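So the structure is just underneath, and the comments pick up after that.
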């Protein structure tokens, strides 16, 4: 991987993809710095965690999505409907807002991390093969 366990390069279907695990609600300032600096020429395929909280101004969701799309990235969202380990679910309004920026697939399962990772990889492979 790269300089930390929270970001680095992986390959799926022989395509190099830059992955950032920490989201806008984990390290907000660092995430905004990353989004501001990232360029499609250096990292054409990018996967990052995102907390789509449109009602919390500190999450800066709208800014993040507009910035990434303006840079030329095509956006796809694989959404965990159930918040892992809790009874909370993602707000339907937030899902609808994500659809304004790109394709959304909602995962409603409650499986452990390895099973979710396998399903996510299948989704990514489908996008890369399209």
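The values are calculated or read from the model by the stated rules, or taken from the named source; none is laboratory data. In this text, all values refer to a predicted model and were calculated from it rather than measured experimentally. Cβ sites come from the backbone with ideal geometry, for glycine too, and all protein chains shown count toward neighbours.
Please find, within the stretch 51-67, the residue that is modelled with the highest pLDDT out of those that are assigned to a helix (DSSP H, G or I) and more than 20 Å from residue 103 (Cβ to Cβ). Only one residue fits best here, namely 63.
Answer yes or no as to whether residue 120 is touching a strand residue (DSSP E or B) at 6+ places or on another chain (Cβ under 6 Å), over 24 Å from residue 63 (Cα atoms) and in contact (Cβ under 8 Å) with a residue 60 or more places away in the chain. Against the criterion (touching a strand residue (DSSP E or B) at 6+ places or on another chain (Cβ under 6 Å), over 24 Å from residue 63 (Cα atoms) and in contact (Cβ under 8 Å) with a residue 60 or more places away in the chain), residue 120 does not qualify. The number of residues in the stretch 34-50 being under 28 Å from residue 81 (Cβ atoms) and either touching a helix residue (DSSP H, G or I) at 6+ places or on another chain (Cβ under 6 Å) or assigned to a helix (DSSP H, G or I) (or both) comes to 2. I'm checking my understanding of the structure. Among residues of the stretch 16-27 that are surrounded by fewer than 16 Cβ atoms within 10 Å (Cβ to Cβ) and either touching a helix residue (DSSP H, G or I) at 6+ places or on another chain (Cβ under 6 Å) or in contact (Cβ under 8 Å) with a residue 12 or more places away in the chain (or both), which one is nearest to residue 124 (Cα to Cα)? It comes out as 16. The set of residues in the stretch 82-130 that are part of a strand (DSSP E or B) and under 15 Å from residue 50 (Cβ atoms) comprises 102, 103, 104, 105, 106, 107.
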